[in-house]
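Since the structure comes first, as structure tokens, the remarks are kept for the end.
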Amino acid sequence: MSLVIVSLLMMLCTSAADYKGQMIVGEGKYRMDEVRVSLSSEGTLTLYDVKFSRFMPLRVDVVIPDVRLTSASAGVELGGDGMIPTVNGKPHPSRIATQMKGLATKQTLRFNVLFGGKHLSFSGKAL
């Protein structure tokens, strides 16, 4: 078990923790390009300077804590359910993150999650 944890941490530490790519909210209803996302070895996923609709007046930083990281042959699998995000440091239980699935490698990060019941996907490349 400790070998798995050590290899997982080594993989994240040696790979890029910051990615830039495209975020899609809803079933293609809103798209943002050049979104920066970071993933820490502790399982904290941060989306920087994002909006969730074209009508949203401000951009925010969103932190999704407690993402489950599991070592896999292809990289690190992301998962989780019931994660309460913070927006600009304040918890938002109404936007609970559920059904997260994804994969992080040294070169790419991809994930899908229900964010407050709305589908959100991200696909990006390491910086």
Given backbone amide H placed at 1.01 Å from N, residues whose amide H is under 5 Å from that of H119, ignoring those fewer than 5 places away on the same chain, are G26
For I84 and Q107, extending 7 Å from Cα along the Cα-Cβ vector and measuring point to point gives, in nm, a value of 4.0 nm
Residue span D33 to D66: 0.36 nm per residue of separation minus Cα-Cα distance leaves a gain in nm of 9.3 nm
Total charge of the residues flanking A126 in space, meaning their Cβ is under 10 Å from its Cβ, with Lys and Arg +1 and Asp and Glu -1, is +2
With the charge dipole of the chain built from beta-carbon charges (+1 for Lys and Arg, -1 for Asp and Glu) about the Cα centre, the Cα from G102, Y30, V87 projecting farthest to the positive end belongs to Y30
In deg cm²/dmol, rounded to the nearest 500, the helical mean residue ellipticity at 222 nm of the chain, built from -39500 (n - 2.57) for every DSSP H run of length 4 or more, is -3000 deg cm²/dmol
Quick calc, the chain, dipole around Cα centre from Cβ unit charges on Lys, Arg (+) and Asp, Glu (-), nearest 20 debye, gives 380 debye
From most to least accessible, 1.4 Å probe, no ligand or DNA/RNA atoms counted, I84, I24, I64 line up as I84, I24, I64
Descending accessible area (1.4 Å probe), largest on the left, turns F55, F115 into F55, F115
Lys pairs in the chain with Cα under 23 Å (8 or more apart in sequence, or on separate chains) total 18
Between (i) 24, 15, 13; (ii) 28, 15, 13; (iii) 56, 15, 9, the structure-derived semi-axes √(5λ) of the Cα gyration tensor in Å is (i)
Once all protein chains are kept in place, R68 shows an accessible area at probe 1.4 Å, nearest 10 Å², of 140 Å²
Between the Cα axis of helix 2-14 and the main Cα principal axis of the chain, the angle (0 to 90°, nearest 10) is 60 degrees
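The values are calculated or read from the model by the stated rules, or taken from the named source; none is laboratory data. These numbers were taken from a predicted model, which means no experiment stands behind them. Please note: Cβ atoms are built from the backbone with ideal geometry, for glycine as well, and neighbour counts cover all protein chains shown. Accessible surface areas use protein heavy atoms only, side chains included; no ligands, DNA or RNA. Shrake-Rupley method; radii C 1.70, N 1.55, O 1.52, S 1.80 Å.
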